[in-house]
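**Student:** Mind looking over this structure? Questions follow.
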Amino acid sequence: MVDVLVTNGPWLIGIAALFGFLMAWGIGANDVANAMGTSVGSNAITIKQAIIIAMIFEFAGAYLAGGEVTSTIRKGIIDSAYFVDSPELLVYGMISALLAAGIWLIVASALGWPVSTTHSIVGAIVGFAAVGVGSDAVAWGKVGGIVGSWVVTPAISGFIAFLIFQSVQKLIFNTDNPLENAKRYVPYYMALAGFMMSLVTITKGLKHVGINFSTAEAYGLATLIAVVVGFGGMLAIKRLKMDSKVDRQTQFGNVEKVFAILMVVTACCMAFAHGSNDVANAIGPLAAVVSVVESGGQINSTAPLVWWILPLGAVGIVLGLAIFGQRVMQTIGKNITHLTPSRGFAAELAAASTVVIASGTGLPISTTQTLVGAVLGVGMARGIAAINMGVVRNIVVSWVVTLPAGAALSIMFFFMIKGIFN
């Protein structure tokens, strides 16, 4: 059957590229909106500014740190040994997985549901492999780990966000002189943010460019950055002209302004880390198709990236966000709970910390679920009444539906594509 790959090679690559672009578009519309939602929802930046920041940093992350080589089958979910005799099935499967995940992400984004792009593509790959090839081809243990992460990830990030927010309340807002205390303590939060964000960037971003640090070096570098950021923050806050004699409400407003600056920095780092990490969801299966077709049916665990694949993914992400990302931003930033810059900062810092913890321990996580958990944690710190439970219920349902929806669509497309080309 390898001759199918030879005769229809250009067609297969062209279709895969189209669906890979659709998938990247979906990632932009759904996931990037998560990374920016807290900043927009807390009014730290406008939607237009969020789109510009995301364009620059997501594109930089995806293009600079998306890697020269990508693992063809994300997270080792299926065993490629089952496809050695019929490599064309892997090609059909990856094409159908991209189309299935892309469509599901666009539907979810239209409904304003923040779902996981990773889980969408994983569900789609599991679907075609289990039905089209055989259930033995799927590493079910890995799938179980992903299902487990639905509970674990939001719980960890929610707990961290709860602690950060409570500490901000205790040290700054619930004191007699919030402004003076903000000047005293905010540099420490800045240093902590600098530490976590640089760790996310080093561990998630730079390893793709071929810049590898040992764990000790990464932590050393992150600590150095944290100290610099803390000192820089201290000097910047000292220069702000703010009167601590004004009434408390005005002081609160001034303190929020300080946190708004922090939010912009955290948003940039999250966008970079997200671009470098999640572009692989769109380009991994695409690279697999290109590599199998061009090698005449050989299946490798990693594939070198052809020059056009990364820019295709990066442009798709940016366009998806700019044209279609506003609904998910609205859900995360405004509909779950009311966010201010200090609350949004607590949520984003908690999400970044959870990503660092997960990278260190190898937990399969979804950036979306991490952030939703963190926003919930901030809401919980203000009491259950501060959370819109209807929105939360819809989000949880959409998470549970993502794997089976991706799988069902992918099975359908797999048999259609197989029928067309065979």
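The values are calculated or read from the model by the stated rules, or taken from the named source; none is laboratory data. Keep in mind that this is a model prediction, so the values were computed, not measured. Don't worry about glycine lacking a Cβ; one is built from the backbone with ideal geometry, like all the others, and counts go over all protein chains shown. Note: accessible area is taken over every heavy atom of the protein model, side chains too, but ligands, DNA and RNA are not part of it. Shrake-Rupley method; radii C 1.70, N 1.55, O 1.52, S 1.80 Å.
Condition check ((1) in a helix (DSSP H, G or I); (2) in contact (Cβ under 8 Å) with a residue 60 or more places away in the chain; (3) closer than 23 Å to residue 173 by Cβ; (4) not polar (S, T, N, Q)) across all residues:
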residue: 348; (1), (2), (3), (4): yes, yes, yes, yes
residue: 375; (1), (2), (3), (4): yes, yes, yes, yes
residue: 378; (1), (2), (3), (4): yes, yes, yes, yes
residue: 385; (1), (2), (3), (4): yes, no, yes, yes
residue: 416; (1), (2), (3), (4): yes, yes, no, yes
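**Student:** Separate question: Could you run through the stretch 381-398 and say how many residues are open to solvent by 20 Å² or more (accessible area, probe 1.4 Å) and touching a Phe, Trp or Tyr at 6+ places or on another chain (Cβ under 6 Å)?
**Tutor:** 1
**Student:** Against the condition among the aliphatic types (A, V, I, L, M), farther than 28 Å from residue 133 by Cα and buried (at least 24 other Cβ atoms within 10 Å of the Cβ), how does residue 352 come out, does it pass?
**Tutor:** yes
**Student:** Say whether the condition of being among the aromatic types (Phe, Trp, Tyr), modelled with pLDDT under 85 and over 13 Å from the mean Cα position of the chain (by Cα) is met by at least one residue in the stretch 336-358.
**Tutor:** Checked the stretch 336-358: no residue is among the aromatic types (Phe, Trp, Tyr), modelled with pLDDT under 85 and over 13 Å from the mean Cα position of the chain (by Cα).
**Student:** Does residue 339 fit the bill of being open to solvent by less than 10 Å² (accessible area, probe 1.4 Å), over 24 Å from residue 147 (Cα atoms) and not in a helix (DSSP H, G or I)? Let's see the steps before the verdict.
**Tutor:** On the way: open to solvent by less than 10 Å² (accessible area, probe 1.4 Å): yes; over 24 Å from residue 147 (Cα atoms): yes; not in a helix (DSSP H, G or I): yes.
Spelling it out, residue 339 is indeed open to solvent by less than 10 Å² (accessible area, probe 1.4 Å), over 24 Å from residue 147 (Cα atoms) and not in a helix (DSSP H, G or I).
**Student:** Residue 30 is checked against (1) in contact with a helix residue (DSSP H, G or I) (Cβ under 6 Å, 6 or more places away or on another chain); (2) open to solvent by 10 Å² or more (accessible area, probe 1.4 Å) and fails just one. What number does that condition carry?
**Tutor:** The number of the failed condition is (2).
**Student:** Could you identify the single residue in 111, 98, 105 that is closer than 26 Å to residue 373 by Cβ and under 18 Å from the mean Cα position of the chain (by Cα)?
**Tutor:** 105
**Student:** So if I check each of 267, 260, 282, which one is within 19 Å of residue 356 (Cβ to Cβ), assigned to a helix (DSSP H, G or I) and under 23 Å from the mean Cα position of the chain (by Cα)? Full working, then the answer.
**Tutor:** Numbers: 260 fails: within 19 Å of residue 356 (Cβ to Cβ); 282 fails: within 19 Å of residue 356 (Cβ to Cβ).
None of the others qualify; the one that does is 267.
**Student:** Criterion first (touching a Phe, Trp or Tyr at 6+ places or on another chain (Cβ under 8 Å) and part of a loop (DSSP other than H, G, I, E, B)) does residue 299 satisfy it?
**Tutor:** yes
**Student:** Continuing with the same structure: Name the residue, out of 105, 111, 90, 98, that is of a type in the set (A, V, I, L, M), touching a helix residue (DSSP H, G or I) at 6+ places or on another chain (Cβ under 8 Å) and open to solvent by 20 Å² or more (accessible area, probe 1.4 Å).
**Tutor:** Result of the check over 105, 111, 90, 98: 111.
**Student:** Then there is this: Within the stretch 185-198, does at least one residue satisfy the condition of being out of contact with any Asp or Glu (no Cβ under 9 Å at 6 or more places or on another chain) and farther than 30 Å from residue 215 by Cα?
**Tutor:** no
**Student:** How many residues does the stretch 152-197 hold that are open to solvent by 30 Å² or more (accessible area, probe 1.4 Å), hydroxyl-bearing (Ser, Thr, Tyr) and over 18 Å from residue 228 (Cα atoms)?
**Tutor:** Qualifying residue count, the stretch 152-197: 1.
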